[in-house]
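Structure record follows, encoded as C-alpha cells.
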Amino acid sequence: MSLVEIIGLSAHFPTHDGIVKAVDRIDLNIEDTETLGLIGETGSGKSVLGLSITRLLPPTAIVEGKIIYKGRNLLTVSEDDIRKIRGGEITNILQNPTTSLNPVVKIGEQIAEAIRLHQGLNKKEAKEKAIEMLDAVKVPSPSKRAQQYPHEFSGGMKQRVMIAIGLACDPFFIIADEPTKGLDVTIKVQIVDLMKEMTEHKTMLLITHDLGVAAAMCDRIALMYAGEIVECATPLDLFEKPMHPYTRGFLNSLPHRGLTPIQGMSPSLINYPDGCRFSPRCEYVNEECIHHHPDMFRIECEHFVRCFNARS
Amino acid sequence: MKMNNSRFNNIVGHIKRSRSATLGTIIILLLILAAIFAPILAPYDPIETNVEDRLMKPCIEHPLGTDHLGRDVYSRLLYGARISLTVGIVVVGISALIGVILGIFAGFYGGLTDSTIMRLVDAFLTFPSVFLAIVIAGVLKPGLVSVIIALIVVGWTKYSRVGRGSVLSLKEKEFVESARSLGVHDRYIMFRHIFPNIITPIIIVATLGMADAILSLASLSFLGFGPQPPTPEWGAMLNAGRPFMQTDPHLMIFPGLAIMILVLGFNLLGDGLRDILDPKREIIE
C-alpha cells in the first residue's frame, strides 16, 4: 500500500530567462515502510522534489499536480494543516547540518522545539525527550551535550542531531536530503547504519547522489534526470541490469567502473529537448527518440524505465 | 533572553583586551555607582536652597561650589546622574524594543510590510532629530516624560534599520528553513531563531544610542523642555548657570564635564564593542 502518492508533480520557477522546470510531471509512489532512494546528478531536481512534498519551496515556485498522503492532497490542504504535518507526521532531514542548526540555540532546545510543538509536551518533558533522542542517535553523554551549542559538535555529531530532530516526533514519513553529505567515509558508514536502524519500520525518501549509500539503504531506487524520473528499480536490478542509457552512463562514471564521463551536458532546465531528454547525449538515439517523449515502460514488476529502446 | 554564559564571559574577556572598551566600562560603572549611592555620597540636599551660601567658588565644604540659590553643585551633579542614566536606559530600552520588532517584521516578511515600515522609518529620518524632539517636547507639557517620548520617537528608527538589515541575511539561512520544515510558526522563528542572532549589532547600536539619548536629554533640558527646576538635571543646570558664566564659570564647567564624561564613556564602550564584535575583524593579540 502506498503511503505517499505523487501524481504529475511539477515545480516550476519563473526567472528572467524563462521558466525553470526543476521538476516536471513526476509520478512516484512511496510504499508504506519502504525506503525509496532518489538519486541523480546535481541540478536534476531531487531536492526540489523533496521540498515540494511539505510545501517548503519559496512562494515564487509554481507547484502543480497532486501529492496524496493519507487520502489528502498535501498541495491543497490549509497552511495550518500542512504546518501540523510538517515536523510531526512528515519530517525533513535537511542537508548541511552545520548550517541547518541555529548557532545560538542550545542543541537540546532545538530538538525539544518540534517535540513541544507536535506532541504537546511541556518544556521539561520535551527536554527529557530531547535527551532520550540524543541518546538514541548515540551521542555520548546526552544530558551534557543537550546543553551545548552547535559549534561544540563535530560534523558527524551534528548530523546525528539532525537525525534526532527528524525522528523526534515519531514521523510516518521521513524525507532525508543528502544525510551523508560532507562526512568522511568512516563517519558516513556510522550514519548510514544509524539511519537504517532508526528508520527500519518507517517510510523514507532518501535523496542522495551517493550510490553506495542508496544501495545500502534503499528498497527501491528512482533515478532522476532533467526534472523527470528515467528509471526506477530495486538496487539489485538498477546496478546489475540498468536499462536506461543514462543509468548505464551514470554507473560507468563511478570510480571503480572506470570513471567514464557521459558525453555532453545536462540540458538547460528551461528548454528541454522535444523528445527524450537524454537524446542529445544518447549513443542509441533514433528518430523516435528525437520527436517523441517516452513514457515509463514496465520491464519487470518493479522495474520501470523511460526509454523507447528498452520497450521490446 | 537568556544570555549564553560562555558567550558572556567571552565578551567580558574581549572588553578587557580593548583599551577603549575598558575605559568606557569603568567610566560608566563609576557613574552608575555614583547615581545609585547619590544619597550617601552627596554632602547636601540637591534641592534645598540656602541663599546665604550662594555662588560660592569651589572650596572644602562645597568641592564644586554652589549655584545662585546656594545649592551644592557636587550634590546636584550626583543626583543628576540618576536622571541622565534613567532616561538613557528607558529611551534606549523602549526605542530598541519598538525598532527591533518592526525591523524584524519588515525584514522577515519583505514586500508590502517591509515597504510600509521602512517608508515610515524614512519619514521619521527626514526630520532633523533635534527639531522633531523639540516639536514633540514643545507640544507636550515640558517635563521628563515628554522628553522621553520625544527621544523615543526620534530614536527607534536606527534599531529598525539595523534589525531589518540583519534579518534580511539571516532569513535565508538554512536553520530558518530547517525550523520551518519542523512546522514552526513564523513568529516563533522570528523571535526564537532570528532574534538571538541579531543581539550583537543591536547591543552596539544601543550603547552608542545611550550616549545619544543622554546628550539629547541635556540639549532639550538646556532649552527648557526637560525636567523643570528645581530638578537637578545636567542640561538644566547648564542653562541655569548661563547668566553667571563670566563671574562663576564653575556653574557651567562642571555640569558640562559631567555630560561629556558620561557620553564619552558610552561612546568608548560602543566603539570598543563594535571593534570586538565585528566578525570581520581579526583579533590581533
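A few remarks follow.
- Packing-based ranking of A:215-221, A:257-263, A:116-122 yields A:215-221, A:116-122, A:257-263, ordered from highest to lowest mean Cβ neighbour count within 10 Å.
- Here's how it looks for A:THR234: its modeled amide H is under 5 Å from those of A:ILE221, which are all 5 or more places away or on a different chain.
- Within the accessible area of region B:21-277 (1.4 Å probe), percent carbon and sulfur: 69 percent
- Solvent-accessible area buried by B and A, counting both chains, probe 1.4 angstrom, square angstrom: 2000 Å²
- Entries in A:LYS84/A:LYS158; A:LYS158/A:LYS196; A:LYS21/B:LYS173; A:LYS123/A:LYS188; A:LYS84/B:LYS173; A:LYS66/A:LYS158 that, when Cα-Cα distance is taken, lie over 27 Å: A:LYS123/A:LYS188; A:LYS66/A:LYS158
- Using θ = phi - 60° and Karplus 6.51 cos²θ - 1.76 cosθ + 1.60, couplings along region A:204-212 (whole Hz; Gly, Pro as x): 9, 10, 9, 9, 7, 10, 9, 5, x
- Each Lys or Arg adds one and each Asp or Glu takes one away; over the other residues whose Cβ falls under 12 Å from the Cβ of B:CYS59, this sums to -2.
- Taking GluC sites (Glu not before Pro) across region A:267-312, the ones in a DSSP loop with at most 10 further Cβ atoms lying within 10 angstrom of their Cβ are A:GLU283.
- Within region A:22-136, all pairs of alpha-carbon atoms sorted by distance into 5 Å bins from zero give the percentages 2, 9, 16, 20, 19, 16, 12, 6, 1, 0.
- Among the GluC sites (Glu not before Pro) in region B:172-224, those placed in a DSSP loop whose Cβ has at most 10 other Cβ atoms within 10 Å are B:GLU172.
- Where N is the number of residues in region B:21-277, Cα Rg divided by 2.2 N^0.38 Å: 1.19
- The phi torsions of region A:143-152, fed into the Karplus equation with coefficients 6.51, -1.76 and 1.60 and a -60° offset, translate into couplings of 5, 6, 5, 5, 7, 9, 9, x, 5, 8 Hz, rounded to whole numbers, with Gly and Pro shown as x.
- Average partner coverage of B:167-175, which counts Cβ from other chains inside 10 Å: 3
- Mean per-residue shielding of peptide A:102-115 is 4, counting Cβ atoms of other chains within 10 Å of each Cβ.
- Cα→Cβ-extended label distance, 7 Å offset, between A:GLU287 and A:MET265, nm: 3.1 nm
- Relative contact order (%) - criterion: Cα under 8 Å, at least six apart; region: region A:61-183: 36 percent
- Amide proton proximity set for A:ASN92, modelled H, under 5 Å, gap of 5+: A:GLY87, A:ILE175
- Here the contact order of chain B, divided by its residue count and restricted to Cα pairs under 8 Å and six or more residues apart, works out to 25 percent.
- Viscosity 0.890 mPa s, temperature 25 °C, Stokes-Einstein D of region A:117-194 from Kirkwood C-alpha radius, µm²/s: 184 µm²/s
- Sequence-separation-based contact order of region A:160-223, relative, with Cα cut under 8 Å and 6+ spacing, percent: 39 percent
- Rounded tilt (10° steps) of A:123-136 against the dominant C-alpha axis of chain A: 60 degrees
- Distance cut-off 24 Å, percentage of C-alpha pairs in region B:82-224 lying past it: 36 percent
- Counting Cβ atoms of other protein chains within 10 Å of each Cβ in B:179-192 and taking the mean gives 6.
- Dividing the summed -39500 (n - 2.57) terms of all DSSP H runs of n ≥ 4 by the residue count of chain A sets its mean residue ellipticity at 222 nm at -9000 deg cm²/dmol.
- Sorted largest first, extent of the protein assembly as shown alpha carbons per principal axis (Å): 118, 50, 46
- Per residue, the protein assembly as shown exposes 47 Å² of accessible surface when a 1.4 Å probe is rolled over the protein heavy atoms with every protein chain present.
- Kyte-Doolittle mean at least 1.6, axial Cα span of 24 Å or more - DSSP H helices of chain B: B:19-36, B:73-109, B:195-222
- Protein-only accessible surface order, largest first, of A:ARG72, B:ARG19 at 1.4 Å: B:ARG19, A:ARG72
- Converting phi to 3J(HN,Hα) with the Karplus coefficients 6.51, -1.76 and 1.60 and the offset θ = phi - 60°, region A:15-25 yields 10, 5, 8, x, 8, 7, 9, 5, 10, 10, 6 Hz in sequence order, with x at every glycine or proline.
The values are calculated or read from the model by the stated rules, or taken from the named source; none is laboratory data. As the structure is a prediction and not an experimental result, all values here were calculated from the model. Don't worry about glycine lacking a Cβ; one is built from the backbone with ideal geometry, like all the others, and counts go over all protein chains shown. To get the accessible areas, we keep the full protein, side chains included, count just its heavy atoms, and leave off ligands, DNA and RNA. Shrake-Rupley method; radii C 1.70, N 1.55, O 1.52, S 1.80 Å.
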